[in-house]
Amino acid sequence: MGAADLAFSFRGAYAPAVSRAYLSRKLTRPLVTKDGGTLRTVLDARAYMLGLSKGRERSARWQRAAQLLLAKADVGAVSRQLELALLYDGKLDVRVMA
């Protein structure tokens with residue numbers, strides 16, 4: 001069984017499972033993406049994740065971000081994982097992250 005077999009699709013998987021209060025929580029810092037967005041809240045991150053291509057969605061870094069979000073993990077942990085995933089994908093605009 002390969003990694004692709006273990007991966008789950010998080011499209012809609014965590015939408016009803018996460019409270020509005022959690023979704024409204026601010027990330028530790030805004031994450032500016034090279035594709036024109038800024039992730040400021042867990043809700044922003046969820047929306048961004050729902051728009052990922054299947055290939056990106058299946059990567060271990062995004063799977064971990066989805067798991068943390070589903071588990072309603074500490075926002076600091078979610079923020080760090082999102083930042084790493086964006087960085088590894090070359091989508092984090094580091095010019096504005098100073």
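A few remarks follow.
- Listed residues LEU23, ALA66, TYR48: farthest to the positive end of the dipole of the range 3-96 (Cβ charges): LEU23
- LEU43 paired with VAL94, simple spin-label distance in nm, labels 7 Å along Cα-to-beta-carbon: 3.2
- The residues neighbouring LYS34, those whose beta-carbon lies less than 11 Å from its own, together hold a net charge of -1 under the Lys/Arg +1, Asp/Glu -1 convention.
- The overall shape of the range 3-96 is oblate: from the C-alpha gyration tensor, with semi-axes ordered a ≥ b ≥ c, the ratio a/c is 1.5 or greater and a/b is no larger than b/c.
- Computed over neighbours whose Cβ is under 14 Å from that of SER19, the net charge equals +4, Lys and Arg +1, Asp and Glu -1.
Read the figures in this text as sums done on the coordinates, not as results from a lab. Being a predicted model, the structure only gives us computed values, none of them experimental. Here Cβ is always computed from backbone atoms with ideal geometry, including for glycine, and neighbour counts include all displayed protein chains.
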